[in-house]
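Below is one structure, written out as structure tokens, with a few remarks after it.
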Amino acid sequence: MRGRKPLPTHLKLIRGNPGHQKLNKNELQPSKPSECPEPPSTLDAFGTEEWRLVAGELWAMGIYTRADKGALTAYCYAYSVWRTAAETIRRMAANDPAFHGQIVKREGSAVQNPLVAIARRAAGDMVRYASEFGFTPAARARIAAGVDNQEPRRFEGLLA
């Protein structure tokens, strides 16, 4: 599929549908759980901690549906990988005042610590998943874009 990803109908309604695009009245609406879901057993302690924080917020806002479990689990897994790598680099940095854990010796030469690349990839994955759920400031700004905070125009209502 080319072009921008289509927006869900509920987001078009929140934004105000400025382009007056036809709304999909037959859009699938996954069921919402009656209580905040428990984290999957596949997540470690870091992932579980993030799940409890994020899933609780999504559920409280009425955004979380049962269909979101996989994507939210993937986000929490990426968070766990990132945090594990970042904390390991931090521990290495405590013993390496020169390179702060960013460089390691390998077969006699200095190379970038593989954990740096792991942390960077996991952070990129987190941001991609986070934007799908509206966790980033830019994603929240796009959702709030439909709120009309402008002053009335000079001739608005003249033809009404």
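Derivation of every value follows stated rules applied to the coordinates shown; laboratory data play no part. The structure displayed is predicted, hence computed values, not measured ones. Note: ideal-geometry Cβ built from the backbone for every residue, glycine included; neighbour counts use all protein chains shown.
Ordering T48, T42 by the number of other Cβ atoms within 10 Å of each residue's own Cβ, fewest first, gives T42, T48. Ordered by the number of other Cβ atoms lying within 10 Å of each residue's own Cβ, fewest first, K32, K69 fall into the sequence K32, K69.
By the scheme Lys and Arg +1, Asp and Glu -1, what is the net charge of all other residues having a beta-carbon under 12 Å from that of Q112? Here the count lands on +3.
Using C-alpha pairs below 8 Å separated by at least 6 residues, the relative contact order for region 40-144 is 24 percent.
Each part gets one Cα centre, and for region 79-96 versus region 27-67 those centres are 27 Å apart.
Charged neighbours of S80, selected by a Cβ distance under 10 Å, balance to -2 (K, R count +1; D, E count -1).
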